[in-house]
1. Take the residues in region 16-37 that are among the small types (Gly, Ala, Ser) and in contact with a strand residue (DSSP E or B) (Cβ under 7 Å, 6 or more places away or on another chain), then tell me which one is surrounded by the most Cβ atoms within 10 Å (Cβ to Cβ).
2. Report the residue count in region 130-177 for those that are away from the ligand (no atom under 16 Å from the Cβ) and within 23 Å of Lys106 (Cα to Cα).
3. Within region 160-172, is even one residue over 25 Å from Arg66 (Cβ atoms) and in a helix (DSSP H, G or I)?
4. Restricting attention to region 133-184, report how many residues are over 14 Å from Val121 (Cα atoms), more than 17 Å from the chain's Cα centre (by Cα) and among the aliphatic types (A, V, I, L, M).
5. Say whether the condition of being at pLDDT 95 or above, outside any loop (DSSP other than H, G, I, E, B) and not hydrophobic (A, V, I, L, M, F, W, C) is met by at least one residue in region 125-139.
6. Any idea which residue in region 29-88 is farthest from the ligand (Cβ to nearest atom), counting only those that are part of a loop (DSSP other than H, G, I, E, B) and over 23 Å from Phe6 (Cβ atoms)?
7. Just to verify a result, which residue in region 38-61, among those that are under 16 Å from the mean Cα position of the chain (by Cα) and modelled with pLDDT of 95 or more, is surrounded by the most Cβ atoms within 10 Å (Cβ to Cβ)?
Amino acid sequence: MNLILFGPPAAGKGTQAKRLVDKHGFVQLSTGDMLRAARAAGTELGREVAAIMDSGQLVSDQIVIRLIEDQLSTHRDVPGFIFDGFPRTIAQAEALDRLLKSHNQKIDGVIRLVVDDEELVARMTRRAAEEGRADDTVDAFRKRLGAYNSQTAELIPFYRARDLLHEVDGMKSIEKVSASIDAALSRLAA
Ligand code: AMP
């Protein structure tokens, strides 16, 4: 089963993705983690995306699509993929459909974590203090939220029209959100 964990920055996608990996053996594909790893390793790609990431904007579709393409080819015969932070544009979503199709696969469900903006800013402020992430300054975070609203949120009607969207209240505790996701997965598997 291939799932997309969808939602604004700081909605809890990464936390819930890791839980699904532990519980179901899915492979988590987080383009944000891949880009941060490239930066930490000091690769050409890492240098190319650093300023864009720190400013809170989206890196080009071409870059993230290539990262996902490589990962899909690397991981064969896995129980499923959890896409976390990808796709973020309609072009990325269409590319993902094409890539999965070429591996005889598809997206089975999109779990949308619904969290209001005020709560997101509160979470981001806590996380920035804890992790010291350079892209988590308040200003950059507002830009990331802006990018989500202007470029990523249009994926909600895109996936709703395909009957793939499952909405989960992301304001609850981590455990309660996990339980709601599991309930959505059971419905999907039924
Ligand atoms: P994340 O950890 O998913 O919030 O990603 C951190 C940053 O990496 C984002 O603010 C973007 O600059 C970049 N990024 C991650 N995933 C994508 C994507 N699918 N499309 C464009 N940019 C991305």
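The values are calculated or read from the model by the stated rules, or taken from the named source; none is laboratory data. If you're wondering where the values come from, they're calculated on a predicted model, not measured in any experiment. Neighbour counts are summed over all protein chains in view; Cβ atoms, including those assigned to glycine, are modelled from backbone coordinates with ideal geometry.
1. Ala17
2. 10
3. The answer is yes; a qualifying residue exists.
4. Residues meeting the conditions: 5.
5. There is no residue in region 125-139 that is at pLDDT 95 or above, outside any loop (DSSP other than H, G, I, E, B) and not hydrophobic (A, V, I, L, M, F, W, C).
6. Here the answer is Asp77.
7. Leu58
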